[in-house]
Amino acid sequence: MDEELAGLAGDIDRENRVPSSLLDKAAAEGLFDIESVECLLQAVRRASRYSRGFAHVLLVHGSCRLAAGGEGRIYALGITEAGGGTDVRANITTRADELGNGSYRLEGMKYFTSNALYATHFVVLATAGGEPGLFLCERQPQIRVEPLDLSGFRGSGVGKVFFGGAVCERLTEPGVDGVRVALGYINVGRLGYASLALGIADRAIEIIAEAASSKTVFGRRLIEYQGVQWRIASIVARRAALESLVHSALQDGARVDPERAAMAKILGGELALEAAWSAVQILGGRGLAMWGEAERMYRDAKVIDIGEGAKEVLMDYIAGRTVKKVLAGRS
């Protein structure tokens with residue numbers, strides 16, 4: 001699939017949509033049936049070398065499937081609302097009203113819903129009886145999707161989703177904090193964003209090495225200049241450190257350490273930006289060409305700082321945890 005994805009990546013970005021033929025092929029190859037976090041992260045990294053939009057489709061579906069199960073489905077995840085995504089609990093206005101027999105009627109709208117264009121099923125955070133819970137809705141006429149035209153991760157199927165009385169079932173038990181459960185999906189997503197960054201770094205190193213080896217500047221190949229070699233070395237070193245952090249965040253190969261996942265996403269954003277900008281810089285004018293591979297990579301790299309929890313919010317979280325540990329050790 002790598003060769004096909006590489007050939008389609010530019011079209012996916014321009015058209016802001018993954019073709020159904022590629023989704024069908026991914027399903028046939030089992031990419032929508034991955035059953036472990038580690039394997040999911042590997043698939044995301046590999047796809048991210050060419051299309052971060054398609055890699056994001058795999059990530060969001062995979063993080064939902066690990067919890068919700070089911071075969072022959074594509075999941076969308078609806079958490080963020082118009083009020084913003086940072087303070088999830090305070091911004092929940094989507095409501096689930098009980099109908100009986102385990103069914104609920106869903107009313108409300110979710111913003112920045114990943115995979116919304118392609119989903120057969122929606123995992124949605126809503127309140128029922130004043131308490132937040134997670135609900136599962138199969139696509140139905142009462143669900144309306146409006147695509148969003150974002151600058152990065154194009155083709156990821158992000159959209160606004162309106163639930164006008166859609167019938168759904170409850171995923172979390174009454175009394176179980178749905179926000180905490182939703183954060184479990186998000187922690188997998190944060191490691192996924194680190195894997196997206198690793199894919200960007202993988203491809204950027206190839207672009208830099210190939211372009212710098214074929215370009216001559218003032219009588220010397222560009223690759224012979226120490227500044228170029230140091231760029232490569234810096235990306236490779238940061239990539240190795242991030243690989244180690246992602247691995248350490250996976251506890252027993254399944255559970256995710258939330259603090260290390262947050263660290264991995266922050267470092268992933270920094271690595272992706274450094275790698276993507278280095279590719280643009282080495283390519284020179286070609287790197288600035290709109291819709292070119294390096295230009296797409298640079299647009300996508302910035303999304304890693306924002307999605308699945310803004311960088312600054314995660315830094316506050318890590319700092320707060322660190323201070324508590326230090327003070328607890330003194331008592």
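Of note:
- Test result for Ala241, in the same structural domain as Leu273 (by TED's automatic domain parsing), outside any strand (DSSP E or B), touching a residue at least 24 places away in the same chain (Cβ under 8 Å) and buried (at least 20 other Cβ atoms within 10 Å of the Cβ): no
Residue by residue, here is whether (1) assigned by TED's automatic domain parsing to the domain that holds Cys64; (2) crowded, with 21+ Cβ neighbours inside 10 Å; (3) out of contact with any Phe, Trp or Tyr (no Cβ under 9 Å at 6 or more places or on another chain); (4) at positive phi holds:
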position	(1), (2), (3), (4)
Glu98	no, no, no, no
Pro141	no, no, yes, no
Ser151	no, no, yes, no
Phe162	no, no, yes, no
Leu198	no, yes, yes, no
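Conditions tested, residue by residue: (1) in contact (Cβ under 8 Å) with a residue 60 or more places away in the chain; (2) part of a helix (DSSP H, G or I); (3) among the acidic types (Asp, Glu); (4) closer than 20 Å to Gly157 by Cα.
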{"position": "Leu22", "(1), (2), (3), (4)": "no, yes, no, yes"}
{"position": "Leu31", "(1), (2), (3), (4)": "no, no, no, yes"}
{"position": "Gln42", "(1), (2), (3), (4)": "yes, yes, no, no"}
{"position": "Val57", "(1), (2), (3), (4)": "yes, yes, no, yes"}
{"position": "Glu98", "(1), (2), (3), (4)": "no, no, yes, no"}
{"position": "Met109", "(1), (2), (3), (4)": "no, no, no, yes"}
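- Residue in segment 227-238 that is closer than 19 Å to Leu40 by Cβ, aromatic (Phe, Trp, Tyr) and either without any contact (Cβ under 8 Å) to a residue 24 or more places away in the chain or part of a loop (DSSP other than H, G, I, E, B) (or both) present: no
- Condition met for Tyr298 (closer than 26 Å to Phe54 by Cα, of a type in the set (Ser, Thr, Tyr), in contact (Cβ under 8 Å) with a residue 12 or more places away in the chain and surrounded by 12 or more Cβ atoms within 10 Å (Cβ to Cβ)): yes
- Among (1) crowded, with 24+ Cβ neighbours inside 10 Å; (2) part of a helix (DSSP H, G or I), the one test that Leu125 misses: (2)
- Contact map, segment 186-201: residues that are among the basic types (Lys, Arg) paired with residues that are at pLDDT below 95, Cβ distance under 7 Å, separation 6+ or inter-chain. Pairs shown: Arg190/Glu308; Arg190/Gly309.
- The one condition in (1) among the basic types (Lys, Arg); (2) farther than 24 Å from Leu22 by Cβ; (3) not assigned by TED's automatic domain parsing to the domain that holds Ala126 that Arg170 fails to fulfil: (3)
- Some residue of segment 66-87 being of a type in the set (D, E, K, R), outside the structural domain of Arg17 (by TED's automatic domain parsing), surrounded by fewer than 21 Cβ atoms within 10 Å (Cβ to Cβ) and free of Cβ contacts under 8 Å to residues at least 12 places away in the same chain: yes
The values are calculated or read from the model by the stated rules, or taken from the named source; none is laboratory data. All figures in this text were calculated on a predicted structure; none of them were measured in a lab. For neighbour counting, all protein chains shown are included, and Cβ atoms are generated from backbone atoms with ideal geometry for every residue, glycine included.
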